[in-house]
Amino acid sequence: MTKKILIILPIVLIGLGVIYFNLPFEITRKSDIEFGNILADRIEDFKKEKGRLPTTDDWDILEQLGFKIENLGTYPSYEKINESEFELIYLEGFDGPYLLYNSRQKHWKIDFPTIPDRWKEKAKD
């Protein structure tokens, strides 16, 4: 009996792992997406009220909007792309692609972050 359990249990666990890793990210990352949607709505409200997006390094405003402030930035990471577009990025590890929300496209996807305009301007100099 115990031999059967020792044989069946790893097979079941491997099967569950395969199923989990093949689920769509909308299911496996549901809580991250829900939190990100709240933040995106707050940023859009801020933009309507102030007429601008918060800057990437405006920690006080980002904290007031509900971001979790960490040593190297916010969680999720907030990036102002240009005057009308921003991205929320869940950075995990060093390599992408990452779970991100783009305000122009208005949906979540697994992709690489967009290069902000201010970085492009620095590259020209």
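The values are calculated or read from the model by the stated rules, or taken from the named source; none is laboratory data. Note that the structure is predicted; figures quoted are calculated from it, not measured. Quick reminder, even Gly has a Cβ in these numbers, built from the backbone with ideal geometry, and neighbours come from all protein chains shown.
Among (1) closer than 15 Å to residue 44 by Cβ; (2) modelled with pLDDT under 90, which single condition is residue 122 missing?
Among (1) closer than 15 Å to residue 44 by Cβ; (2) modelled with pLDDT under 90, the lone unmet condition for residue 122 is (1).
If you scan region 105-120, which residues turn out to be surrounded by 14 or more Cβ atoms within 10 Å (Cβ to Cβ) and of a type in the set (S, T, N, Q)?
Scanning region 105-120 gives a single hit, 114.
Any idea which of 69, 115, 89 is more than 20 Å from residue 31 (Cα to Cα) and of a type in the set (A, V, I, L, M)?
Answer to the check: 115.
Within region 36-78, which residues are aliphatic (A, V, I, L, M), surrounded by 13 or more Cβ atoms within 10 Å (Cβ to Cβ) and in contact with a helix residue (DSSP H, G or I) (Cβ under 7 Å, 6 or more places away or on another chain)? Lay out the reasoning, then the answer.
Residues of region 36-78 aliphatic (A, V, I, L, M): 38-40, 43, 53, 61-62, 65, 69, 72.
Applying the additional criterion that residues be surrounded by 13 or more Cβ atoms within 10 Å (Cβ to Cβ) yields 39-40, 43, 53, 61-62, 65.
Answer for region 36-78, where residues must be aliphatic (A, V, I, L, M), surrounded by 13 or more Cβ atoms within 10 Å (Cβ to Cβ) and in contact with a helix residue (DSSP H, G or I) (Cβ under 7 Å, 6 or more places away or on another chain): 39, 43, 53, 65.
For region 1-103, please list each of the helices (runs of 4 or more DSSP H) lying entirely inside it that holds at least 2 residues being polar (S, T, N, Q). Lay out the reasoning, then the answer.
On the way: elements: 2-21, 25-28, 30-50, 59-65.
By residue number, 30-50.
State whether the residues of region 14-33 include one that is modelled with pLDDT under 90 and polar (S, T, N, Q).
Within region 14-33 (the criterion being modelled with pLDDT under 90 and polar (S, T, N, Q)), the answer is yes, since at least one residue qualifies.
Here is a list: 82, 102. Which entry is within 19 Å of residue 114 (Cα to Cα), surrounded by fewer than 14 Cβ atoms within 10 Å (Cβ to Cβ), out of contact with any Pro (no Cβ under 6 Å at 6 or more places or on another chain) and at pLDDT 85 or above? Break it down into steps so the answer makes sense when it comes.
Values: 102 fails: surrounded by fewer than 14 Cβ atoms within 10 Å (Cβ to Cβ).
When all the criteria are applied, what remains is 82.
For residues in region 1-32 being loosely packed, with under 10 Cβ neighbours inside 10 Å and among the basic types (Lys, Arg), which is farthest from residue 107 (Cα to Cα)?
Among them, the one singled out is 3.
Please verify whether region 99-116 includes one or more residues that are in contact (Cβ under 8 Å) with a residue 40 or more places away in the chain and among the aliphatic types (A, V, I, L, M). Give the derivation first.
The initial filter retains those residues of region 99-116 that are in contact (Cβ under 8 Å) with a residue 40 or more places away in the chain, namely 99, 101, 103, 108, 110, 116.
Checking the rest, the ones that are also among the aliphatic types (A, V, I, L, M) come to 99, 110.
Checked against the condition, which is being in contact (Cβ under 8 Å) with a residue 40 or more places away in the chain and among the aliphatic types (A, V, I, L, M), region 99-116 yields at least one hit.
Here's the yes/no breakdown for (1) under 13 Å from the mean Cα position of the chain (by Cα); (2) of a type in the set (D, E, K, R):
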{"residue": "19", "(1), (2)": "no, no"}
{"residue": "35", "(1), (2)": "yes, no"}
{"residue": "39", "(1), (2)": "yes, no"}
{"residue": "50", "(1), (2)": "no, yes"}
{"residue": "63", "(1), (2)": "no, yes"}
